[in-house]
Amino acid sequence: MSNSASISRVALKKITPDVSAAMGSLHAAAVSAARDAKVEPELLELIRIRASQINGCAFCLDMHTKDARAAGETEQRVYALNAWRETPFFTGRERAALALTEAVTLVHDGQVPDAVYAEAAEVFDETQIAALIWAATVINAYNRIAIATRMAPGGYQPTPKN
C-alpha cells in the first residue's frame, strides 16, 4: 500500500454516517458477544493484529498493537505474532484462535479447513467460536475500510485504563 496521497479519499463517516454507525454497532455487538462468551480481550487484540498483518493495514496495526500493549501484552509477543507458529510464546488456545483468524481472513484460499475448525473446537465452545469468527470478520471489514480510504496510522492513542 502506498502512502502517497495523490488523490483525496472519501470520508466514510462523514458521507455515510448511518452505515458507519452500523459498523460501529456491529463492532460493539461482536465485542459484547466475546465478553459474554468469556473470550479474553487480550485474545481479541491478537486476532485484530494478526488479521491486520495479513491484510497490510497500517492504521489497524498501529491501533491494535497500541491497544494490546496498553492492556499489558508483551513487546516480544507482539513482534513475534507474524511468525506465531515458529515461537513458543503462544498458548494452545491462542494458536487455535490465530489459525482460525488466518483461515477466515484468507477464506479465498480455500475456505476454513475442517482441521482448523476442529482445532478451535477442542479449546473453545460454540459460543466462543462464534465470537472469534465475528471478531475476525469485523477486523477484516475495518481493514478494508482503512485501506480503501487510506486512513493514516500514527495518531491513535489508547484510552487510558482507570
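The values are calculated or read from the model by the stated rules, or taken from the named source; none is laboratory data. Quantities reported herein were computed from a predicted structural model and do not represent experimental measurements. As a convention, Cβ positions derive from the backbone with ideal geometry for all residues, glycine included, and neighbour counts pool all protein chains shown. Areas reflect the complete protein model, heavy atoms only, side chains present, ligands, DNA and RNA absent. Shrake-Rupley method; radii C 1.70, N 1.55, O 1.52, S 1.80 Å.
Of note:
- Share of carbon and sulfur in the accessible heavy-atom surface of the chain [1.4 Å probe, %]: 58
- Shape annotation for segment 112-162: C-alpha extents along the principal axes are 39, 34, 14 Å, from largest to smallest.
- Dipole magnitude (debye, nearest 20) for segment 7-89, charges at Cβ of Lys, Arg, Asp, Glu: 240
- The residue among Pro113, Trp134, Tyr156 whose Cα reaches farthest toward the positive pole of the charge dipole of segment 56-162, with charges on the beta-carbon of Lys, Arg, Asp and Glu, is Tyr156.
- Pairs over the 26 Å Cα-Cα cut-off, from the set Lys38/Lys161; Lys38/Lys66; Lys13/Lys66: not a single one.
- Each Lys and Arg contributes +1 and each Asp and Glu -1, all at the Cβ; summed about the Cα centre of the chain, the dipole is approximately 760 debye.
- Relative contact order (percent, whole number), segment 1-143, Cα cutoff 8 Å, 6+ residue spacing: 32
- Helix runs (DSSP H) in the chain reaching 15 Å along axis by Cα, Kyte-Doolittle at least -0.5: 17-36, 41-55, 58-70, 92-105, 126-148
- Cα principal axis extents for segment 1-138, largest first, Å: 46, 34, 30
- Among the trypsin sites (Lys or Arg not before Pro) within segment 1-61, those in coil by DSSP and having at most 13 neighbouring Cβ atoms inside 10 Å are Arg9, Lys38.
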